[in-house]
Amino acid sequence: MSYTPRSKDQLAQRVARDIHEGAYVNLGIGQPTLVANHLPAGIEVILHSENGILGMGPAPAEGQEDYDLINAGKQPVTLLAGGAFFHHADSFGMMRGGHLDICVLGAFQVSATGDLANWSTGEPGAIPAVGGAMDLAIGAKQTWVMMDLLTKTGQSKVVAQCTYPLTGIGCVKRIYTDLATLECSPAGLRLIDLVDGLSHAELQSRVGLPIAA
Amino acid sequence: MINKIAPSIEAALAGLQDGATVLIGGFGTAGIPNELIEGLIVQGARDLVVVNNNAGNGDSGLAALLKAGRVRKVICSFPRQTDSHVFDGLYRSGRIELELTPQGNLAERIRAAGAGIGAFFSPTGYGTELARGKETREINGRMYVLETPIHGDLALIRAERGDRWGNLMYRKAARNFGPVMATAAKKTVATVHEVVELGQMDPEHIVTPGIFVSHLVQIPRVATQAGGLKKAA
């Protein structure tokens, strides 16, 4: 059987489908920001940006950019009616204090029990930079990861134990990938769904770890 | 009569000593007090410890202060950016020290300093290399890392509007670290684009009460990205 991996937009759509009405959500830098384009019509979701915004709206029209109104990736955004500004300690208090419902992050590796590695490849000589990654990873009620399941060389990014430097321990609840959606727990991985044409057995052999049905 | 409005940036920054810790507000293009950073370069203090979310972009502002060799150490969360070549060069050649801190711990460490907290346990970073060597504790089944406050000798922040008592309002996401840093330094200097009479700002809208502000300097609104606006409002 053959299968087609989810495209980046299809993956974003898959994540967006699981976001509920009224959720306070932080979308990490990079691929997770695509989720905003696919939120189900007709529901209200409030986006948080670490630099002190709730109710963040889409990018402004060309010429309307205001560089006092940017997102965590430093790109200009807009504010929805009902949105609010607050300072950095409050913003990270919202995360750390468990007030955000969902945080969607990219990752280099996730372990079966939900350890996350997404801030550093540990490459010698690289300049380390963490930003809000560690705060986000452990703060939200649910942390979801969105990534390709395999590296460019075909190795699974879902692993028994992360080899890259950790961002947080046991913090990832779900992994949305181009091939399958998985749940992490202290007991290991569980399958939520997989793309058409890919068998459970083949997925397990790609990941190299047991995945409960 | 209280009048915190300084005649110039030079006057507001006078007396800064070598070795001082300087908290500098801003995140990305928003809220960076570039005029005050330029004032620091002119003022001449050396051996500074700078606390900012980043470690400078391009060749101006914080990057220029670094390039002038005034900074011994940077405490920040995200030094590496596409145009952070000044910091990158200094770091790689061992001419600058870096204390990397998760962004929320950075904000809270500054908040703790302003609020008189001796130290606090944060769950952020537990089990990672950024918590290495730090005291940890299990509280109600969760693991935490002991984090210490970051006190400033000087805080430099960018606000939008202020009065002679030092009350401040901010503009949009340019607020970021400003209100927190203002509380955590022995001396806080803010730039504002507009100075108003006492009572003209609705007391319900004042974000930083003047008790946290030492000096205010009025600067023109610059219609550049770094100034916070692409087009003047």
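Every read-out reported here was derived from the displayed coordinates using simple, explicitly stated rules and does not represent laboratory data. Since the structure is predicted, the reported quantities are computational estimates derived from the model, not experimental observations. Note that we place each Cβ from the backbone using ideal geometry, even for glycine, and neighbour counts take in every protein chain shown.
Got a sec? How would B:Ile24, A:Ile102, A:Ile192, A:Ile138 order by Cβ neighbour count within 10 Å, fewest to most? Don't skip to the answer; put the middle values down first.
Numbers: B:Ile24 31, A:Ile102 23, A:Ile192 15, A:Ile138 28.
Ordered from fewest to most neighbouring Cβ atoms within 10 Å, B:Ile24, A:Ile102, A:Ile192, A:Ile138 come out as A:Ile192, A:Ile102, A:Ile138, B:Ile24.
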Return, ordered by residue number, the residues of segment A:64-85 whose backbone nitrogen is under 17 Å from a label point located 7 Å along Cα→Cβ of A:Glu44.
A:79-85
If I take every Cα pair under 8 Å that is 6 or more residues apart in segment A:65-129, average their sequence separation and divide by the length, what percent do I get for the relative contact order?
14
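Per residue of A:55-68, how many C-beta atoms from partner chains lie within 10 Å of its own C-beta, taken as a mean?
Values: counts 0, 1, 0, 0, 0, 1, 0, 0, 2, 2, 5, 12, 14, 18.
Per residue, the average neighbour count from other chains is 4.
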List every residue whose amide H lies under 5 Å from the amide H of B:Asn57, counting only residues 5 or more places away in sequence or on a different chain, with H placed 1.01 Å from N in the peptide plane.
B:Leu62, B:Ala63
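Can you sort B:Trp165, A:Trp119 so the residue with the fewest Cβ neighbours within 10 Å comes first?
Details: B:Trp165 19, A:Trp119 28.
So the ranking, lowest neighbour count to highest, is B:Trp165, A:Trp119.
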Phi-derived 3J(HN,Hα) across segment B:120-128 with the Karplus relation (6.51, -1.76, 1.60, θ = phi - 60°), rounded Hz, x for Gly and Pro, is 8, 9, 10, x, 5, x, 4, x, 10
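Return B:Ile37, A:Ile53, A:Ile127 ranked ascending by Cβ neighbour count within 10 Å, so the fewest neighbours appear first. If you can, show how the numbers build up before the last one.
On the way: B:Ile37 23, A:Ile53 27, A:Ile127 18.
Final ranking by Cβ density, sparse to dense: A:Ile127, B:Ile37, A:Ile53.
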Calc'd 3J(HN,Hα), segment B:178-186, phi into Karplus 6.51 cos²θ - 1.76 cosθ + 1.60 (θ = phi - 60°), Hz, glycine/Pro = x, comes to x, x, 6, 5, 4, 7, 9, 10, 4
Measuring from centroid to centroid over Cα atoms, what is the spacing of segment A:9-71 and segment B:45-104 in Å?
30
How far, in degrees from 0 to 90, does helix A:8-17 lean away from the longest principal axis of the Cα atoms of chain A, to the nearest 10?
80
Cα convex hull volume per residue for segment B:1-142 (Å³)
152
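Lysine pairs, Cα distance under 20 Å, 8 or more residues apart or cross-chain: how many in chain B? If you can, show how the numbers build up before the last one.
Numbers: B:Lys4/B:Lys186; B:Lys4/B:Lys187; B:Lys73/B:Lys134; B:Lys73/B:Lys186; B:Lys73/B:Lys187; B:Lys172/B:Lys230; B:Lys172/B:Lys231.
Pairs that pass both the separation and distance tests number 7.
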Starting at the first residue of segment A:76-81, write each ³J(HN,Hα) from the Karplus equation 6.51 cos²θ - 1.76 cosθ + 1.60 with θ = phi - 60°, in whole Hz, x for Gly and Pro.
x, 10, 10, 10, 6, 4
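Contact order normalised by length for chain B, with contacts defined as Cα pairs under 8 Å and 6 or more residues apart; what percent is it?
Details: 540 pairs, mean separation 52.9, N = 233.
Here the relative contact order equals 23 percent.
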Largest-first principal axis extents of the Cα set of chain A (Å)
49, 41, 30
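Taking R0 as 45 Å, what's the FRET efficiency between B:Arg72 and A:Ser2 from their Cβ-Cβ distance, rounded to 0.05?
Working: r = 59 Å, r/R0 = 1.32.
Once rounded, the FRET efficiency stands at 0.15.
If you stretched the chain out fully between A:Ala59 and A:Ser199, how much longer would it get, using 0.36 nm times the residue separation minus the C-alpha to C-alpha distance? Show your work: numbers first, answer last.
Numbers: separation 140, 0.36 × 140 = 50.40 nm, distance 3.94 nm.
The A:Ala59-A:Ser199 span can extend by a further 46.5 nm.
Any chance you could tell me what percent of the C-alpha pair distances in the protein assembly as shown go past 39 Å?
Values: 22472 of 99235 pairs.
Roughly 23 percent, once rounded to a whole number.
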Would you list, by chain and number, the aspartates and glutamates whose Cα falls below 18 Å from the Cα of A:Lys8, excluding same-chain residues fewer than 8 positions away?
A:Asp18, A:Asp148, A:Asp178, A:Asp193, A:Asp196
